[in-house]
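Remarks on the structure that follows.
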2 protein chains.
Amino acid sequence: MRIGIVGGTGDIGEGMAMRLSPIFDVIVGSREKEKAEATCQLGSETLKKRGLACSLTGVSNQDAVDDGDVVILAIPFKHVITTLESLHGFEDKIVISPVNPMEKRDHFMFIPPPEGSAALMIRGLLPKMARICSAFNTIAANRWKAIDEELVYSVPVCGDDADAKRIVMEIVNKISQLQALDAGPLAASSMVESLTPLLLNIARYNKMRDVGIQIR
Amino acid sequence: MRIGIVGGTGDIGEGMAMRLSPIFDVIVGSREKEKAEATCQLGSETLKKRGLACSLTGVSNQDAVDDGDVVILAIPFKHVITTLESLHGFEDKIVISPVNPMEKRDHFMFIPPPEGSAALMIRGLLPKMARICSAFNTIAANRWKAIDEELVYSVPVCGDDADAKRIVMEIVNKISQLQALDAGPLAASSMVESLTPLLLNIARYNKMRDVGIQIR
């Protein structure tokens, strides 16, 4: 399976690429292909030092969509609309949204778009045939990148297409010790997306770092 | 310290009373005092069988407010307004809201009141001097009641009064293995309250029971 990461040179995308590329073919997209290539070279070297073979290729964001079976939108909420308007070819793709609409005011707050969640907004921006799931919303960038440490977290997954959700949950369960949990239809994504500002507040007020969640 | 539980004969209130009464003086309130007395007698016997001494007294909801230093509102969201309109004397009390505004539609959804959260709505219904914290939002009734099992969960606590929040966090940390986490000001409660419908969905879709959360 080939996984394309749109925005793959950002903090989270880069960490995801490191974790995913020893398991899947990963194509890292960026607005600047050269940047994606540099990220992938660095990532490959880091993994090689640990004796890990990987499949990691830097491309444009559009190529990450075109060549991915599954496309992860590793972009901040504020860039979602402009990024998706600049891309096409999402028909038949499984699209993963780890996007959290939030703002830092006095504290972090969940500030959803009118659709109710980033995932529902993304569904409205993409062709009807795209199969969208929310997943990976709560894994901090630093945890993705700390590849010598296990990821012992729960990952709620929302989506309306049962096959797509099953595939996304299988991907989640192959990464480190992540545990995929079915969190219902895409309309339930708001309750997953609002976890991240909560975790950021908890990290801040309790002097913790890169806080994650286990559900059991 | 004396803890009054308004709605203490409901599923959650009853479980809370069992867990709290070996540690604190607990007064269980109900609209019907006789019901509260019966609940307390049963609870005391159950605890005594396990060799646990407890301080557990059944009273009216109004007495639970009047005689509690800390008052827990163990009532469903739909009963909050009528219950609080029927009670007085919250000045100077520390008030704990474990209330989650949610509805079961196709799945459970967080449906906050216009104030943004149950906690903020409750602040508007109580006198200005009442010091409100949200806490205990995500512990399932069955877990409260299963007194032979440890509660190994995180409990996010929100509030605007630093002293009150510290006291509430100390109460949380004395119960079984609960871990209190400062989750910010009362305005951040929406992100805590929306956890519960998420956990109920996860329990349902993954055939789990009485799901809880650990944040680390």
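Restricted to the stretch B:182-194, and to residues that are aliphatic (A, V, I, L, M) and surrounded by 24 or more Cβ atoms within 10 Å (Cβ to Cβ), which residue is nearest to the other protein chains (Cβ to nearest Cβ)?
B:Met191
Do we find a residue being of a type in the set (Gly, Ala, Ser), in contact with a Gly (Cβ under 8 Å, 6 or more places away or on another chain), in a loop (DSSP other than H, G, I, E, B) and within 13 Å of another protein chain (Cβ to nearest Cβ) anywhere in the stretch A:137-148?
Yes, that holds for at least one residue.
Conditions (1) assigned to a loop (DSSP other than H, G, I, E, B); (2) without any contact (Cβ under 8 Å) to a residue 24 or more places away in the chain; (3) within 13 Å of B:Val6 (Cα to Cα), marked per residue:
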site	(1), (2), (3)
B:Lys35	no, no, yes
B:Gly43	no, no, no
B:Lys48	no, yes, no
B:Gly51	yes, yes, no
B:Val65	no, no, yes
B:Lys78	no, yes, no
B:Leu87	yes, no, yes
B:Ile96	no, no, yes
B:Asn100	yes, no, no
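If you go through the stretch B:161-179 one residue at a time, how many are within 16 Å of A:Arg204 (Cβ to Cβ) and surrounded by fewer than 22 Cβ atoms within 10 Å (Cβ to Cβ)?
Matching residues across the stretch B:161-179 total 2.
Is there any pair with a first residue in the stretch A:196-214 that is surrounded by fewer than 18 Cβ atoms within 10 Å (Cβ to Cβ) and a second that is of a type in the set (Lys, Arg) whose Cβ atoms are under 7 Å apart and which are 6 or more apart or on different chains, and what are they?
As it stands, the answer is A:Asp210/A:Arg143, since those pairs meet every condition given.
What is the residue count in the stretch B:196-215 for residues that are outside any strand (DSSP E or B) and within 7 Å of chain A (Cβ to nearest Cβ)?
Number of matching residues: 9.
Considering each residue of the stretch B:102-116, count those that are crowded, with 17+ Cβ neighbours inside 10 Å, closer than 9 Å to B:Pro197 by Cα and either of a type in the set (A, V, I, L, M) or more than 12 Å from chain A (Cβ to nearest Cβ) (or both), and give that number.
The qualifying residues number 2.
Would you mind finding the one in B:Cys40, B:Cys54 that is crowded, with 17+ Cβ neighbours inside 10 Å and either farther than 24 Å from B:Val80 by Cα or in contact with a Pro (Cβ under 8 Å, 6 or more places away or on another chain) (or both)?
B:Cys54
Kindly indicate whether A:Asp69 is modelled with pLDDT under 95, touching a strand residue (DSSP E or B) at 6+ places or on another chain (Cβ under 9 Å) and under 24 Å from A:Gly159 (Cα atoms).
no
The values are calculated or read from the model by the stated rules, or taken from the named source; none is laboratory data. Since we're looking at a predicted model, the values are computed, not measured. Neighbour counts run over all protein chains shown; Cβ positions are idealised from the backbone, glycine included.
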